[in-house]
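Encoded as structure tokens, the structure appears first; notes follow it.
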């Protein structure tokens with residue numbers, strides 16, 4: 001049974017209006033401090049990448065290789081998570097800075113930005129956790145909900161999920177092709193080939209940069225620099241896969257059927273985003289390195305608000321959830337990762353699986369808060 005079924009239609013809309021007011025309040029307060037934040041993060045990321053590249057050129061010293069690879073991996077994580085993902089959501093478009101804008105940013109990933117923005121910003125954020133509509137629900141590869149029909153291929157999902165984690169940027173790029181739409185006639189071969197060429201061009205540029213140009217610039221250090229770049233990209237991919245999977249697949253995240261969408265109001269959309277998303281608890285460094293997707297609930301409620309504001313509004317969102325007796329699923333990184341991988345393992349087998357509750361407020365705490 002849905003954890004939101006107890007709400008009346010009037011309560012759902014009241015909840016939505018409260019969130020609209022919160023969003024309007026944040027938008028009205030955006031200013032120089034927010035602009036300084038994103039510019040500082042971008043400057044720090046670029047310095048970190050430069051330091052990593054420089055240290056790798058001295059990688060004949062093992063400590064330099066380790067330090068350089070770590071710095072480069074950290075820079076790539078920052079660029080993808082806190083900068084690229086959020087800039088492409090339009091979170092910083094209000095600054096009207098052509099260098100930090102969703103229409104001009106090109107991130108350090110294999111996915112062409114326009115394709116990713118369609119599949120993520122529009123499809124995923126509109127149809128979050130709706131079976132048959134949200135392609136991010138298992139990424140068309142994994143069974144992550146008992147509502148998904150079992151197939152023998154899912155017996156292998158623990159293994160191919162590990163490969164997906166290592167090569168996540170390429171998996172997402174190919175996923176954006178939406179190959180499954182071609183047999184149904186929803187996508188033409190011409191459109192598919194156009195997108196495939198765009199992906200090939202982007203992948204080619206990424207490979208040329210990381211695996212050809214920088215290793216060649218290192219001269220006799222070609223091999224250690226190449227290995228450093230490979231390691232940094234693999235680390236970035238595994239981290240991104242981990243954080244993104246913890247956003248919607250831990251126990252406590254709800255999955256919906258398409259009939260839920262019929263006549264869906266703004267308030268009902270908010271409730272669905274809340275029930276289908278999960279937060280990760282941690283400190284400021286964790287939030288930064290996750291691109292503030294540790295505040296996945298807040299991100300799905302307000303995907304176009306600057307990410308540096310999510311920590312500020314999270315207590316107010318949680319308080320609203322207590323007021324309306326709604327779940328707010330949150331847990332430590334270890335807890336959420338364990339929950340995700342337990343789910344992937346048990347749903348590899350046929351049959352339904354019991355969905356365990358997330359760390360929603362206890363019933364007695366909800367009543368006391370109300």
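Restricting to Cα pairs below 8 Å that are 6+ residues apart, what does the relative contact order work out to for segment 236-288? Please round to a whole percent.
On the way: 21 pairs, mean separation 27.1, N = 53.
Once normalised by length, the contact order is 51 percent.
With a 10 Å cut-off between alpha carbons and a GNM built on the chain, which of 294, 111, 29 moves the most?
Most flexible of the set in this elastic network: 29.
Counting only helical runs of four or more DSSP H residues, what would the 222 nm mean residue ellipticity of the chain come to if each run contributes -39,500 (n - 2.57) and the total is spread over all its residues?
-16500 deg cm²/dmol
Which whole-number percent is the relative contact order of segment 55-183 (Cα, under 8 Å, 6+ apart)? Kindly include the intermediate steps, with their values, before the conclusion.
Numbers: 91 pairs, mean separation 20.7, N = 129.
RCO, segment 55-183: 16 percent.
Report which label in (i) 21.8; (ii) 17.6; (iii) 19.8 holds the value of mean projected area of the Cα convex hull in nm² derived from the coordinates of this structure.
(iii)
For 290, 242, 74, what's the fewest-to-most ordering of other Cβ within 10 Å of each Cβ? Mind showing how you got there, number by number?
On the way: 290 26, 242 18, 74 21.
So the residues, fewest neighbours to most, are 242, 74, 290.
Return the single residue from 20, 134, 176 with maximal mean-square fluctuation; model: Gaussian network over the chain, springs between Cα atoms under 10 Å.
20
Tell me whether segment 53-176 comes out rounded, prolate or oblate; compute the Cα gyration tensor, take square roots of the eigenvalues as a ≥ b ≥ c, and use a/c under 1.5 as the rounded threshold.
Working: a/c = 3.25, a/b = 1.27, b/c = 2.56.
Judged from the Cα gyration tensor, segment 53-176 comes out oblate (a/c at least 1.5, b/c at or above a/b).
In degrees between 0 and 90, to the nearest 10, how far off the longest principal axis of the chain does helix 189-207 point, with axes built from Cα atoms?
Around 50 degrees separate the two axes.
For the chain, take the longest principal axis of its alpha carbons; what is the angle in degrees between that and the long axis of helix 62-78, to the nearest 10 within 0 to 90?
40 degrees
For segment 9-346, what does the relative contact order come out to in percent, with C-alpha contacts under 8 Å and a separation of six or more?
Details: 418 pairs, mean separation 82.3, N = 338.
Worked out over segment 9-346, it gives 24 percent.
Sort 3, 69 so that the residue with the fewest other Cβ atoms within 10 Å of its own Cβ comes first and the one with the most comes last. List each step's numbers first, then the result.
Values: 3 18, 69 23.
Lowest count first: 3, 69.
Return the single residue from 75, 189, 18 with maximal mean-square fluctuation; model: Gaussian network over the chain, springs between Cα atoms under 10 Å.
189
Could you line up 268, 14 from fewest to most neighbouring Cβ atoms inside 10 Å?
Details: 268 19, 14 16.
Ascending number of Cβ neighbours within 10 Å: 14, 268.
Nearest 10 degrees is fine. How inclined is helix 333-346 to the longest principal axis of the chain, computing both from alpha carbons?
The helix 333-346 is inclined about 80 degrees to the chain.
How would segment 70-139 be classified by its alpha-carbon gyration tensor: rounded, prolate or oblate, with rounded meaning a/c under 1.5 and the a/b versus b/c comparison settling the rest?
oblate
Every number in this text was worked out from the coordinates using simple rules, so none of it is lab data. Computed from a predicted model, the values in this text were never measured in an experiment. Cβ coordinates were reconstructed from backbone atoms using ideal geometry, including for glycine residues, and neighbour counts include every protein chain displayed.
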